[in-house]
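The values are calculated or read from the model by the stated rules, or taken from the named source; none is laboratory data. This is a predicted model, so every value here is computed, not measured. Note: ideal-geometry Cβ built from the backbone for every residue, glycine included; neighbour counts use all protein chains shown. Keep in mind that these areas ignore ligands, DNA and RNA; they rest on the heavy atoms of the full protein, side chains included. Shrake-Rupley method; radii C 1.70, N 1.55, O 1.52, S 1.80 Å.
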Amino acid sequence: MAAADLTPEDTVIEVGPGLGILTRELAQQAGRVIAIEADGEMVSALSETVARYPNLTVIHGDIMHVEPVSLLPSPTGVPAGYKVVANIPYYITSAVLRHFLEASRQPTLMVVMVQKEVGKTIVAQPGDMSLLAVSIQFYGWPSIVARVPARSFYPPPKVDSVILRVDVHKKPPVSVSSARAFFETVRAGFQCAAEATAQLAGPGLGCRHPGSSRPAAAGRDRPRRRAETLSIEEWGRLCRERDHLES
């Protein structure tokens, strides 16, 4: 709750409210709360327990099949800005984060609880970057707010957790022709990294394979870097070079 910096002007989307422990706290601090729950029985129970909060709407649905903008109030015809605050199911963490960050109307802030290792992966720096880290950091600045040990829950899970905050960028941190072109470049680079000892090779993102004297994609002989060592800015530069070569 503290990490979400809520005010009475805020609209909050909560995914997976369950029995409403967090939901009630959100309703007391935010101006409007939209809680979306996939379990019909949970929806029935929650609707009864939070009926006294007029600023709270409970929706039965699967967030992965719902466009976030459709959940937002728009009395003036312009959907309100919003934050996402939730204890999302761990098995869909990455998918839910991308669903909101890639939406036509992004949140301004996301605060979620995730598995400790997933959180560490998301906030990684060059040297330990992954496709997931690049995917989140292209859209926002992630930070770990607090660590939550397994013993905080009953029954205790097998993994520790962290509270992850993502401050969403108003515009991408790098200048590229499109998000699609950027991620095509990134996926190509990490595909190289996944293939044996293949390495990035120059602006064409060719892969150098064991026993090969030249990059798989033609290009000048340049120092080779593994995908996990590249920063967002370097991926942006590779994307622009790739666009130039293909134009």
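For LEU72, indicate whether it is closer than 15 Å to VAL84 by Cβ and surrounded by 15 or more Cβ atoms within 10 Å (Cβ to Cβ). Let's see the steps before the verdict.
On the way: closer than 15 Å to VAL84 by Cβ: yes; surrounded by 15 or more Cβ atoms within 10 Å (Cβ to Cβ): yes.
The answer is yes for LEU72.
Every residue, every condition in (1) out of contact with any helix residue (DSSP H, G or I) (no Cβ under 8 Å at 6 or more places or on another chain); (2) β-branched (Val, Ile, Thr); (3) within 18 Å of PRO107 (Cα to Cα), yes or no:
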{"position": "ARG32", "(1), (2), (3)": "yes, no, yes"}
{"position": "ALA35", "(1), (2), (3)": "no, no, yes"}
{"position": "GLU41", "(1), (2), (3)": "yes, no, no"}
{"position": "SER47", "(1), (2), (3)": "yes, no, no"}
{"position": "PRO54", "(1), (2), (3)": "yes, no, no"}
{"position": "VAL66", "(1), (2), (3)": "yes, yes, yes"}
{"position": "LYS83", "(1), (2), (3)": "no, no, yes"}
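Kindly indicate whether ALA51 is in contact with a Ser or Thr (Cβ under 6 Å, 6 or more places away or on another chain), assigned to a loop (DSSP other than H, G, I, E, B), open to solvent by 20 Å² or more (accessible area, probe 1.4 Å) and not acidic (Asp, Glu).
Numbers: in contact with a Ser or Thr (Cβ under 6 Å, 6 or more places away or on another chain): no; assigned to a loop (DSSP other than H, G, I, E, B): yes; open to solvent by 20 Å² or more (accessible area, probe 1.4 Å): yes; not acidic (Asp, Glu): yes.
For ALA51, the condition - in contact with a Ser or Thr (Cβ under 6 Å, 6 or more places away or on another chain), assigned to a loop (DSSP other than H, G, I, E, B), open to solvent by 20 Å² or more (accessible area, probe 1.4 Å) and not acidic (Asp, Glu) - is not met.
Need at least 1 residues that are over 23 Å from ILE36 (Cβ atoms) and modelled with pLDDT of 95 or more per element, so show me which helices (runs of 4 or more DSSP H) inside the stretch 93-190 make the cut, counting only ones lying wholly within it. Before you say what the answer is, go through the steps one by one.
On the way: elements: 93-101, 116-122, 131-137.
Because the criterion is at least 1 residues that are over 23 Å from ILE36 (Cβ atoms) and modelled with pLDDT of 95 or more, the helices (runs of 4 or more DSSP H) in the stretch 93-190 that meet it are 116-122, 131-137.
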**Q.** Count of residues meeting criterion [polar (S, T, N, Q) and buried (at least 21 other Cβ atoms within 10 Å of the Cβ)] in the stretch 106-157
**A.** 1
